Amino acid sequence: MNIALKIPDAEITSEKNRAHLDAAVDGMTCVSCARRIERMLAASLGVSAAQVNLTNRRLSVDYDPGAIDGPSLLAKVNELGFRATPLSEGLSESAKRESRALIRALGVAGFAAGNVMVYSVAVWAGLAQDMGPVTRAVMQWIAAAIALPAVAYAGQPFFQGAWRALSHWRINMDVPIALALILTCISSVIELLRGAPHVYFDGAATLTFILLIGRVMDFNARARARMGAEALAALQVLTATRIDADGTLVNVPSRSLIAGQLVKVRAGERVPADGIVEDGRSDVDMSLVSGESVPESISAGARIFAGTLNLTGPLNIRVNAAGPDTLLAEIGRLMDNAAQGRSTFVTFADKAISIYAPMVHILAAATFFGWLWLGDVVWQQALINAVTVLIITCPCALGLAVPITHVVAAGRLFAAGVLLKSGDALERLASVDWVVMDKTGTLTQSHPALVGDAAAPNHLALTLALARESNHPLARALAATYAGQMQITLSDITEHPGQGMSGHDGARIIRLGNRKFVGVDDVANDGLAEIWLDPGGGQPVRFAFETPLRTDAAQCIQALKKDGLGVEILSGDRQVAVLPVGAQLGIPATAEANPSDKLKWLNRLRDQGHHVLMVGDGLNDAPALAAAHVSMAPASAADISQSAADVVFRGDMLMPVARTLHIARFCESVVRQNIYISLAYNIVAVPLAIMGQVTPLIAAVAMSVSSLTVVLNALRLKRA
């Protein structure tokens, strides 16, 4: 079905003979879905590139607007059985709708499974005792009245997925699940009408409930991954204040800015475009570029980038790049490309299921027709035998092999202060052989700490009088360090953007700020962050700060080395701050790496055959976190970095990194054991079902036993 869509201008960027479209795509369940869309679009006239990110369900297309338009591209995707919508209205709204539908379905299936099981247990007990056929029939009819509408409603995610696949001549794991549910219900109704002692409504309801748990877990993992796009969007400035030639200030959309225009950025605002400071002085949070948490003092002639935060003074900036050409937009593209590369990772379970799905249908069909042609049975019995095969081969144990193991491992890690955000993170963690770490906020603590002894009491009082009035991070650190100390009051306190604070004690002007502001030129810079006090006469006083290593950083590095992993530092900070940390920990260190440099570094390691774990916290680490084989970020990290990472760890310790890798390896071995258990169960049980030696009831019990075995094996992770 073609759907006419009006695409907002914000979703299409266009130049002569080139346009770019971003859209959200619903209905994808696996890597093959994404590849199918890419191949179809790549073969379309006018399309130069098409890329689908399965993780955040985002489609990006480069095309010639003279040959094809955006709505036509989306219509082509819809014709494949998916639902493509403009990104602004599709990504969040469709995700919310799908989330609500899954939760409702899970609730209905859970309610039905619990209630139907009550009547089924009563029937099973009655078969072994003296329950009459009328009483048994009443209970079976009640079970049917609960299970049939519940399965019809709660099974919609599987029915819809199966229909989309079959209507476009594809097979996915929803197809055998849907067949198992439908045929189990049909055969149960037939048996109920015949007055047979066994019906299987409990199996259908319980199977729906169990499989929906896995579907909800998968959806939540993908939803957390999609938060990266929202976190990046929060840094983008929608409007800018343009300064016209006559000095008039005009509010305009930031996307409309062009190179050469002049914009004003007030204190507390984010910069709307890349450019050069033409007038003004301020402190700017440049962590987006450098990863360094201490603001940088800038003045006329300095480069500045979109998304950075102007802290203290107004700036006039001459634009040289805006909209899709800014560094912030480039970071977003780097993240999307990196995440797309990682989303092609196929887990061991996915490989097994890709073979398992078609085999289920072949075996069930062969059983049905084989009994009709070779056996002397009515079609109802042939159908029951086929349903038995579907039930006994239903991918419950195989479907549980990964999610239940990951649930137990995730609970074990959560107790250790580690939160998993990606469904396949544990499997990727298990294969890691190289660890790359950022410095500031990762190896070190996130807040600067004062180095050395306190100043003389009179100097300290003057310092605090100014520091308490400042928003500069170093001034705030000073005020927090000496909270409760002696206080004095200064008059005429003034903030000098990009320089510091000044005040008057009645006789002298007191200054607190950078070395140039207080007139210090003859003291060597040792690389530490610093703030100076000019007491209005006498020697200026220096307050030096460092971001100390996490208390267990050395222990964590040694643990990683002991496990045979390569470890190195890759930081955007200055060499004078990074190299000593590497020397102290005994690992290689690389400094002054921008987001693109970090991405290239990780790609080089990947090309050398390494599976890299990236651990970082800054905005500039986000593309690298998305590009790495797997990634971790501390809970103190920037929102966008937490969104890009697969794993987030809490607290001030670094050992959760080593602990997570250890548990991931254990988890991987348990997953493989569970899959082997599932397959072994099928090797034994399926031939018996094909030969008609197993009833659907015994098949359901056998399926439950295999699932229980998988669960018990997974529980060993609690002792990890």
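For Ser631, indicate whether it is surrounded by fewer than 21 Cβ atoms within 10 Å (Cβ to Cβ) and either within 14 Å of the chain's Cα centre (by Cα) or part of a helix (DSSP H, G or I) (or both).
Judged against the criteria, Ser631 is not a match.
Go through Ala410, Ala415 for me and flag whichever is modelled with pLDDT of 70 or more, of a type in the set (A, V, I, L, M, F, W, C), over 27 Å from Val199 (Cα atoms) and touching a strand residue (DSSP E or B) at 6+ places or on another chain (Cβ under 8 Å).
Ala410
Among the helices (runs of 4 or more DSSP H) confined wholly to segment 507-596, which include 3 or more residues that are closer than 25 Å to Thr481 by Cβ and over 29 Å from the mean Cα position of the chain (by Cα)?
Per the criteria, 515-518, 575-585.
Pairs under 6 Å by beta carbon, first residue β-branched (Val, Ile, Thr) in segment 576-587, partner crowded, with 18+ Cβ neighbours inside 10 Å, six or more apart or different chains?
Val578/Lys439; Val578/Ser571; Val578/Ala589; Val578/Ala591; Val581/Lys439; Ile587/Val567
What number goes with the only condition from (1) in contact with a Leu (Cβ under 9 Å, 6 or more places away or on another chain); (2) within 30 Å of Thr308 (Cβ to Cβ); (3) in contact (Cβ under 8 Å) with a residue 40 or more places away in the chain that Ala593 does not pass?
Evaluating Ala593 over (1) in contact with a Leu (Cβ under 9 Å, 6 or more places away or on another chain); (2) within 30 Å of Thr308 (Cβ to Cβ); (3) in contact (Cβ under 8 Å) with a residue 40 or more places away in the chain leaves (3) as the failure.
Show me the strands (runs of 3 or more DSSP E) entirely contained within segment 23-121 in which 2 or more residues are modelled with pLDDT of 85 or more and touching a Lys or Arg at 6+ places or on another chain (Cβ under 7 Å).
Of the strands (runs of 3 or more DSSP E) lying wholly inside segment 23-121, none has at least 2 residues that are modelled with pLDDT of 85 or more and touching a Lys or Arg at 6+ places or on another chain (Cβ under 7 Å).
Would you say Leu599 is surrounded by fewer than 22 Cβ atoms within 10 Å (Cβ to Cβ), in contact with a Pro (Cβ under 7 Å, 6 or more places away or on another chain) and touching a residue at least 40 places away in the same chain (Cβ under 8 Å)?
It is true that Leu599 is surrounded by fewer than 22 Cβ atoms within 10 Å (Cβ to Cβ), in contact with a Pro (Cβ under 7 Å, 6 or more places away or on another chain) and touching a residue at least 40 places away in the same chain (Cβ under 8 Å).
Quick one: how many residues across segment 259-288 are modelled with pLDDT under 85, in contact with a Gly (Cβ under 7 Å, 6 or more places away or on another chain) and aliphatic (A, V, I, L, M)?
Result for segment 259-288: 2.
Which one of Gln539, Gln555 is out of contact with any Lys or Arg (no Cβ under 6 Å at 6 or more places or on another chain) and not assigned by TED's automatic domain parsing to the domain that holds Gln499?
After ruling out the rest, the residue left standing is Gln555.
Please work out if Ala507 is out of contact with any helix residue (DSSP H, G or I) (no Cβ under 7 Å at 6 or more places or on another chain) and surrounded by fewer than 17 Cβ atoms within 10 Å (Cβ to Cβ). Walk me through how you get there before you give the answer.
Working: out of contact with any helix residue (DSSP H, G or I) (no Cβ under 7 Å at 6 or more places or on another chain): yes; surrounded by fewer than 17 Cβ atoms within 10 Å (Cβ to Cβ): yes.
Taking the combined requirement at face value, the residue satisfies it.
Under the condition of being out of contact with any Lys or Arg (no Cβ under 9 Å at 6 or more places or on another chain) and modelled with pLDDT under 90, which residue from segment 607-624 is surrounded by the most Cβ atoms within 10 Å (Cβ to Cβ)?
Ala622
Output yes when any residue across segment 551-562 is buried (at least 17 other Cβ atoms within 10 Å of the Cβ) and more than 27 Å from Ile663 (Cβ to Cβ), and no when none is.
no
Of the conditions (1) free of Cβ contacts under 8 Å to residues at least 12 places away in the same chain; (2) closer than 29 Å to Ala122 by Cα; (3) in a helix (DSSP H, G or I), Ala196 satisfies every one except a single condition; which number is it?
(3)
Could you tell me which residue of segment 520-542 is farthest from Leu315 (Cα to Cα), considering only residues that are at pLDDT 80 or above and out of contact with any helix residue (DSSP H, G or I) (no Cβ under 9 Å at 6 or more places or on another chain)?
Gln539
Which one is nearest to Ile557 (Cα to Cα) among residues in segment 649-686 that are surrounded by fewer than 20 Cβ atoms within 10 Å (Cβ to Cβ) and of a type in the set (Phe, Trp, Tyr)?
Phe666
Search segment 489-502 for residues that are outside the structural domain of Glu530 (by TED's automatic domain parsing) and on the phi > 0 side of the Ramachandran plot and pair each with any residue that is crowded, with 19+ Cβ neighbours inside 10 Å and in a strand (DSSP E or B) when their beta-carbon atoms are under 7 Å apart and the residues are at least 6 apart or on different chains.
Filtered contacts from segment 489-502: no entries.
What are the pairs, 6+ residues apart or on separate chains, where a residue within segment 150-179 that is farther than 21 Å from Ala113 by Cβ has its Cβ under 9 Å from a residue that is modelled with pLDDT of 90 or more?
Listed by first residue and then by second, the contacts come to nothing, as the list is empty.
Can you tell me how many residues within segment 407-433 are charged (D, E, K, R) and touching a helix residue (DSSP H, G or I) at 6+ places or on another chain (Cβ under 7 Å)?
To start, the set of residues in segment 407-433 that are charged (D, E, K, R) comprises 412, 421, 424, 427-428, 433.
Adding the requirement that they be touching a helix residue (DSSP H, G or I) at 6+ places or on another chain (Cβ under 7 Å) leaves 412, 421, 427.
The total comes to 3.
Confirm whether Asp424 is of a type in the set (Asp, Glu) and modelled with pLDDT of 80 or more.
Criteria not met by Asp424.
Let me confirm something: among Ala410, Ala430, Ala425, Ala415, which residue is in the same structural domain as Asn603 (by TED's automatic domain parsing) and surrounded by fewer than 16 Cβ atoms within 10 Å (Cβ to Cβ)?
Working: Ala410 fails: surrounded by fewer than 16 Cβ atoms within 10 Å (Cβ to Cβ); Ala430 fails: surrounded by fewer than 16 Cβ atoms within 10 Å (Cβ to Cβ); Ala425 fails: surrounded by fewer than 16 Cβ atoms within 10 Å (Cβ to Cβ).
Exactly one of Ala410, Ala430, Ala425, Ala415 is in the same structural domain as Asn603 (by TED's automatic domain parsing) and surrounded by fewer than 16 Cβ atoms within 10 Å (Cβ to Cβ), namely Ala415.
With respect to Ala475, determine if the residue is farther than 30 Å from Val657 by Cα, of a type outside the set (Asp, Glu) and at pLDDT below 85.
Criteria met by Ala475.
The values are calculated or read from the model by the stated rules, or taken from the named source; none is laboratory data. These figures come from a predicted structure and were not determined experimentally. Heads up, the Cβs are rebuilt from the backbone with ideal geometry, glycines too, and the neighbour counts pull from every protein chain shown.
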